[in-house]
1. If you take every residue apart from ASP150 with its C-beta less than 11 Å away from the C-beta of ASP150, what net charge results, scoring Lys and Arg +1 and Asp and Glu -1?
2. Determine the calculated [θ] at 222 nm for the chain from helices alone, applying -39500 (n - 2.57) to every DSSP H run no shorter than 4 residues and normalising by the residue count; nearest 500 deg cm²/dmol.
3. Using a Förster distance of 41 angstrom, determine the FRET efficiency expected from the C-beta separation of ASP92 and SER19, and round it to 0.05.
4. For GLU170, what is the net charge nearby, where nearby means another residue's Cβ is under 10 Å from its Cβ and Lys, Arg count +1, Asp, Glu -1?
5. Count charges around GLU25 for me, please; just the other residues with Cβ under 12 Å from its Cβ, Lys/Arg as +1, Asp/Glu as -1.
6. Can you tell me how much longer the chain between LEU2 and GLU151 gets when fully stretched, taken as 0.36 nm per residue apart minus their C-alpha distance, in nm with one decimal?
7. Just the number: Rg to Rh for the chain, Cα atoms, Kirkwood Rh, two decimals.
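Every read-out reported here was derived from the displayed coordinates using simple, explicitly stated rules and does not represent laboratory data. Keep in mind that what you see is a predicted model, and the values were worked out from it rather than measured. Quick reminder, even Gly has a Cβ in these numbers, built from the backbone with ideal geometry, and neighbours come from all protein chains shown.
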Amino acid sequence: MLRMCYQSEVERRNMKYVSDEATLEKIGKAAKFLCGNGKFGLLLYGTVGSGKTTLAKAICNIIGILYNSDLSSERKGVYRISALNLAKSIADDPTYFNKLKNQELLFIDDVGTEPASVKSWGNEFSPVTELIYARYDRQLFTIATSNLADEEFGDRYGERIADRMEEMFERLHYSQKSYRK
């Protein structure tokens, strides 16, 4: 089912779905994560154009399908936001940013593209750092994508956040070439 959602995401962008070994491996690992392995986050990171956002969107879609079907009495969806818009929200609408920190299901796309810090009314904030702290403490379901390498998370966000991310996220590393070419 997740593979079908992934294929649908690819085709929605008028691209050809390629069922290669790397893609099937990532879909399989993501499906295993969704079945429960103890971690409450999934980090898809690595090379540009390798299918990270596509898989994250497919996961969001399958969660929406399952929660909004006759199989479930609950209605839920995964809230989606880019890291850049997340950074803008902390300055433009702090109430909205706080809502994101407490959102039950959240997908943050392109972590690492946002400014490291944002100023609002003379105060300086680190949006991703604050968000990760809050979601880590509450153990809230979080999917994130990034082009950062393993060691760059610590360099960018500090060792404390990198350590929390290690505990919080199941990690899927992407090293294949871009599918966009």
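1. Values: positive: ARG171; negative: GLU151, GLU152, ASP155, GLU166.
With Lys, Arg at +1 and Asp, Glu at -1, the neighbours total -3.
2. Numbers: 8 runs with 90 residues, N = 181.
About -15000 deg cm²/dmol.
3. On the way: r = 42 Å, r/R0 = 1.01.
After rounding to 0.05, the efficiency reads 0.50.
4. Working: positive: LYS29, LYS32, LYS39, ARG171; negative: none.
It works out to a net charge of +4.
5. Working: positive: ARG3, LYS26, LYS29, LYS32; negative: ASP20, GLU21.
Around GLU25, the surrounding residues sum to +2.
6. Numbers: separation 149, 0.36 × 149 = 53.64 nm, distance 2.97 nm.
Using 0.36 nm per residue and subtracting the Cα-Cα distance, I get 50.7 nm.
7. Values: Rg = 16.3 Å, Rh = 16.9 Å.
Across the chain, the Cα-based Rg/Rh ratio is 0.96.
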